[in-house]
Amino acid sequence: MQVEILGSAEEGADFVAKLALGRLSGGETHNLLVSTGGTFKPIYQRLRTEPASTYDNVRFYNQDEYCVKKANGAWGMIDQDDPQSFRRFMREQLFADTTVPSKYSFFPGIRDRRFAGTYDRMIAGHGGIELALLGLGRNCHLGFNEPGESVSPFGSVTRFVELTPETRVANYDPAINEPVPPAAITVGLGTIGLSRELVVVAFGEHKSPAIQETIWGEVSPAIPSSMLRLPENIGKTLLVVDEAAAAEL
Ligand code: GLP
């Protein structure tokens, strides 16, 4: 596993944006697995100013989306215009009023609740993910793969998950001031592991314990991001951190 330590989050965002654009210009990268979250806002700000031709035939597969209980008591996807929706996040941060074409934006859906892995089969049918750009939760989740063998085995596929109280606290946005939904559909750790290149991005002091555990903790689903150190993943993984997130290394 390689670790790239940049002086600041701004420098880190530059680094990740350049890396992604370099892969896209190489002509062999068409399918990106992408993340939401504050970490990616400055990265998307950089990507959205590129000329439209950069994104010809590029597909953006998001990792996850919230679920809410509908009026009839059944689980459904959060409304795409809800302020907490990740579909809205991507529209606002990357696709809206930019050169990036949102017609190539994909999300896991409620079908993955009934038929886990529907999204995985679609991704595989499109040739698989060449580059995964991943954020890291404070509890070491990737996507919404919360810690624990019973909830997020290393081979897990896209499925319905319940969120831990700590994730719901971490994702609370005072500007929205709504409770974070209790559940989501997320790609699995196995889905992520099928990507040909894994780039995990974490900035800020609050991420330093998670970075420390990712690199030095036990390789076990109790630390979901430790899947990056499985023999089949370690050689294709790059962690991009700023000095604050690297503080405990
Ligand atoms: C959410 C998402 C993750 C993301 C994480 C980090 O929980 N499901 O995919 O990586 O948040 O978010 P932030 O960048 O805001 O710290």
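Under 19 Å Cα-Cα from LYS70, which aspartates and glutamates qualify once same-chain neighbours fewer than 8 residues away are excluded?
Partners within reach: ASP79, ASP81, ASP82, ASP112, GLU162, GLU178.
Suppose R0 equals 41 Å; then what is the FRET efficiency for LYS103 and GLU11 from their Cβ-Cβ distance, rounded to the nearest 0.05?
In this case the efficiency is close to 0.80.
Restricting the count to DSSP beta bridges whose residues both fall in the chain, what percent are antiparallel, rounded to a multiple of 5?
Beta bridges within the chain, antiparallel portion: roughly 35 percent.
Which residue, SER35, SER156, SER25, tops the fluctuation ranking in a GNM of the chain built on C-alpha contacts under 10 Å?
Checking each option, the largest mean-square fluctuation is seen for SER25.
Before rounding to the nearest 500, sum -39500 (n - 2.57) across all DSSP H runs of length at least 4 in the chain and divide by the residue total; then give [θ] at 222 nm in deg cm²/dmol.
For the chain, the value works out to -6500 deg cm²/dmol.
Per residue, how big is the convex hull of region 40-170 when only Cα atoms are used? Give it in Å³.
133 Å³
I want the local charge near VAL58. Using Cβ-Cβ distances under 12 Å, sum +1 for each Lys or Arg and -1 for each Asp or Glu among the other residues.
Computed value for this residue: -1.
Can you give me the pair-distance distribution of region 78-152, C-alpha pairs, 5 Å bins, whole percents?
3, 12, 15, 23, 26, 16, 5, 1, 0
Among GLY190, GLY128, GLY22, which one shows the biggest mean-square fluctuation in a GNM of the chain, springs joining Cα atoms closer than 10 Å?
Of the options given, GLY22 has the highest mean-square fluctuation.
GNM on the chain, C-alpha springs below 10 Å: top fluctuator among VAL157, VAL200, VAL68?
Its mean-square fluctuation being the largest, the pick is VAL68.
For ALA116 and HIS206, calculate 0.36 nm times their separation in residues minus their Cα-Cα distance, and state this gained length in nm to one decimal.
Fully extending the segment from ALA116 to HIS206 adds 29.1 nm.
Checking the a/c ratio against 1.5 first, then a/b against b/c, what shape does the Cα gyration tensor give for region 176-249?
oblate
Inverting the mean 1/r over all pairs of different Cα atoms, compute the Kirkwood radius of the chain and quote it in Å.
So the Kirkwood estimate lands at 18.1 Å.
Taking every pair of alpha-carbon atoms in region 21-110, what share in percent sits in each 10 Å bin, from 0 to the bin with the longest distance?
Whole-percent P(r) values from 0 Å outward: 16, 48, 25, 9, 2.
Does region 108-249 classify as rounded, prolate or oblate by the C-alpha gyration tensor (a ≥ b ≥ c root eigenvalues; a/c under 1.5 gives rounded; else a/b over b/c gives prolate, otherwise oblate)? Don't skip to the end; give the middle numbers.
Values: a/c = 1.68, a/b = 1.12, b/c = 1.51.
In terms of gyration-tensor shape, oblate.
Values quoted throughout were computed directly from the atomic coordinates according to the rules given, and no laboratory measurement underlies them. Quantities reported herein were computed from a predicted structural model and do not represent experimental measurements. Neighbour counts run over all protein chains shown; Cβ positions are idealised from the backbone, glycine included.
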